[in-house]
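The values are calculated or read from the model by the stated rules, or taken from the named source; none is laboratory data. Please read all numbers here as calculations on a predicted model, not as lab measurements. Using ideal geometry, Cβ is built from the backbone for each residue, glycine included, and neighbour counts are taken over all protein chains shown. When the accessible area is computed, the model is the full protein with side chains, heavy atoms only, and any ligands, DNA or RNA have been set aside. Shrake-Rupley method; radii C 1.70, N 1.55, O 1.52, S 1.80 Å.
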Amino acid sequence: MSYCRFVGAALAAACFALPSAGVAQPKQVWKASDVHPLGYPTVEAIVRMGKKLEAQTGGRYSIQMFPSMQLGGEKEMIEQAQVGALQIARISVGAMGPVVDDLNVFNMPFIFRDEQHMRKVIDGPIGQELLERTSNAPTSRLIVLGWMDAGTRNVYSNKPVTKPADLKGMKIRMMGNPLFVETMNAMGGNGVAMGFNELYSALQTGVVDGAENNPPTLLAQNHYQVSKVYSLTGHLIIPEIFVFSKKNWEMLPKADQALVRKLSREAQLEQRKLWDAYVGEAESKLKAAGIQFVRADKEAFYKATQPVRDKYGAKYGALLKRIQDTK
Ligand code: GTR
């Protein structure tokens, strides 16, 4: 028995076969999507995973990557994966917060002391629990395959932002999640929720005065061409996840699911290495392109955002303490 879904004539068909004795299984081409371009660490890790998958299954499975928002922004990617129009999506936990509220614990400002702390948390029992809870949440309709790194987010615009008062009157694009809009408002600016796919032109035309992200994104999305000052506010350290459409996952034989899990683990480790190398490269390139890196008073932003942690943090109770106690 086989199940095929065709999405758009030009796109590859992904076929899902239930094994039946003596009948050769058709080849499956899984569609994967990312907002970033080819070569970006998250994209590269999935491309490499696809090559291994193809080699280790004698070509029964392969992954076709659709990078650079070809299939839309993250909200669209989540929806497509939920209905099985897309098999693998790499998305920020920021965009997943409105889908699975448990994940918002990582979306609070200054929840992690630094990137090392974040890594300890996602690599340990808390990370594992959250992956399982997200996969099991009835609202997700996604199987989470693993974590990826996305460094630290800082504000960028065309003027230095060193303290909350500097953000007064500035419209700063935030990811589509009320928690982030409130964070930016508490930091002193006006948070504007907007899809990532609309951001470059919004920066260019002045619809927003700035945005916030990690150095690799500032470079890879060309935002540095229209925002020249990178202020090290360090207000968010948000990990990312890569997911598989649950609808399609449930049609895979158990042994194949196990192989995908194994390769996902490898992809997670590989992305981290690629990430660490790329952050340094991105920072050098940004500096060479004349981007001004400015130190900011992180303590002042930490204090200003306390009401956001108080409001959103209350429901996480013991989990918050476990995160803080992770050394
Ligand atoms: C990037 C992240 C993307 C997307 C983007 C955004 O750091 O890698 O997945 O979430 O930020 O701000 O929308």
Check whether at least one residue in the stretch 170-180 is farther than 20 Å from M118 by Cβ, within 11 Å of the ligand (Cβ to nearest atom) and surrounded by fewer than 21 Cβ atoms within 10 Å (Cβ to Cβ), and report yes or no. yes
In the stretch 130-161, anything surrounded by 16 or more Cβ atoms within 10 Å (Cβ to Cβ) and among the polar types (S, T, N, Q) is listed as T134, S135, S140, T152, N154, S157
Go through (1) modelled with pLDDT under 95; (2) more than 13 Å from the ligand (Cβ to nearest atom) one by one and return the number of the condition P160 breaks. (1)
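Listed here are the residues, each with its yes/no results for (1) free of Cβ contacts under 8 Å to residues at least 60 places away in the same chain; (2) open to solvent by 10 Å² or more (accessible area, probe 1.4 Å).
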site	(1), (2)
G73	no, no
M77	yes, no
S92	no, no
P98	no, yes
M108	no, no
E115	no, yes
G124	no, yes
Q128	yes, yes
Residues of the stretch 292-327 being within 19 Å of R153 (Cβ to Cβ), assigned to a helix (DSSP H, G or I) and over 24 Å from the mean Cα position of the chain (by Cα), which ones? E299, A300, K303, A304, Q306
If you go through the stretch 136-169, how many residues are more than 22 Å from R119 (Cβ to Cβ) and touching a Phe, Trp or Tyr at 6+ places or on another chain (Cβ under 6 Å)? 2
Looking at the stretch 24-70, which of its residues are surrounded by fewer than 17 Cβ atoms within 10 Å (Cβ to Cβ), of a type in the set (G, A, S) and not in a helix (DSSP H, G or I)? A24, G39, G58, G59, S62
Considering the stretch 137-157 alone, what residues qualify as being within 16 Å of the ligand (Cβ to nearest atom) and under 20 Å from V260 (Cα atoms)? L142, V144, L145, G146, W147, M148, D149
